[in-house]
Amino acid sequence: MKTLVVYETFYGNTEKVARAVAEALKAQGEVQTLRAAEAKPEHIAGVDLLIVGSPTRAFRPCPATKAFLAAIPAGALNGVKVAAFDTRTVMDKAVPGILRFMARIFGYAAQPIAASLQKKGGTLVGSPEGFFVRGSEGPLLEGELERAAEWAASLAK
Ligand SMILES: Cc1cc2nc3c(=O)[nH]c(=O)nc-3n(C[C@H](O)[C@H](O)[C@H](O)COP(=O)(O)O)c2cc1C
């Protein structure tokens, strides 16, 4: 199985998750990781599983991720398995109530990424997943990289 993991990152947390996901899938075959800003629709050729991950910013995926998804031609993901993840802030008491409320309503990046991949013809395997960081810059919560590896392994089943 050939897998492509496309990710965007500002502080390195999403990159860590992307690398844990890629590592977990190496047992299944070839895995390539690319930053969203460098990823082009041509990179999808021959890929069996495309995984896209972005930090959540303002409840949505970040610009390079959106640009990569927009550049994928209609139908280009027909027959391709797809999955999506994001990183997101732990909505604990340190986060203002209004933001916690808005996050409940407007959600996180993984869901719209998954919808976009499906719109281009992809078959969603596994539920869109979020991995938690503390504050904006992280670090990732303890155990999140292990959870990412488990999530990735479940996609290959
Ligand atoms: C401008 C800005 C907006 C953000 N908006 C959200 C948000 O809407 N929901 C959320 O859970 N986290 C939000 N965050 C936290 C990011 O999700 C967090 O910085 C990201 O997961 C870190 O990933 P990275 O290290 O790969 O950049 C925001 C952070 C910044 C800087």
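Rule-based calculations on the coordinates, nothing more; no lab input. Treat the numbers as computed from the prediction; the structure is a model and nothing was measured. Cβ sites come from the backbone with ideal geometry, for glycine too, and all protein chains shown count toward neighbours.
What to note about this one:
- Projecting the Cα atoms of L99, A115, L77 onto the charge dipole of segment 3-155 (Cβ charges, centred on the Cα centre) puts L99 farthest toward the positive pole.
- With contacts taken as Cα pairs under 8 Å at a separation of at least 6 residues, segment 57-115 carries a relative contact order of 63 percent.
- Given R0 = 41 Å, the distance between the Cβ atoms of K26 and K93 translates into a calculated FRET efficiency of 0.55.
- Of all DSSP beta bridges in segment 3-155, antiparallel share, percent nearest 5: 10
- Of the residues Y7, Y108, the one with the fewest other Cβ atoms within 10 Å heads the list, and the complete ranking is Y108, Y7.
- Pairs of Cα atoms nearer than 8 Å and 6+ residues apart set the relative contact order; for the chain it is 28 percent.
- Relative packing of peptides 94-102, 44-52 - highest average C-beta neighbours within 10 Å first: 44-52, 94-102
- Long pairs among K66/K120; K16/K40; K119/K157, criterion Cα-Cα beyond 18 Å: K16/K40; K119/K157
- Here the peptides 25-34, 127-136 are ranked by packing, the mean other Cβ count within 10 Å, and the order with the highest first is 127-136, 25-34.
- Nearest-ten-degree value, helix 144-155 long axis tilted from longest Cα axis of the chain: 30
- Amide H contacts under 5 Å for F131, placed H, 5+ residues apart: D86, T87, R88
- Rg/Rh ratio calculated on Cα atoms of segment 5-96 (Kirkwood radius): 1.00
- Residue-wise HN-Hα couplings along segment 109-125, as the Karplus relation 6.51 cos²θ - 1.76 cosθ + 1.60 with θ = phi - 60° gives them from phi, are 5, 4, 4, x, 5, 4, 4, 5, 5, 5, 4, 8, x, x, 9, 5, 10 Hz; Gly and Pro carry x.
- Angle in degrees between helix 13-25 and the longest Cα principal axis of the chain, rounded to the nearest 10: 40
- Built amide H within the under 5 Å cut-off of Y7, gap 5+: L34, R35, A36, G53
- Placed amide H near L124: partners under 5 Å, 5+ positions off or other chain: V82
- Efficiency of FRET between R100 and A153 - r from beta-carbon atoms, R0 30 angstrom, step 0.05: 0.45
- Gyration tensor verdict on segment 97-157 (Cα atoms; rounded if a/c is under 1.5, prolate if a/b is larger than b/c, oblate otherwise): oblate
- Measuring spread by the Cα atoms of the chain yields a radius of gyration and Dmax of 14.7, 46 Å.
- Nearest-20 debye value, the chain charge dipole, Cβ charges on Lys, Arg, Asp, Glu: 460
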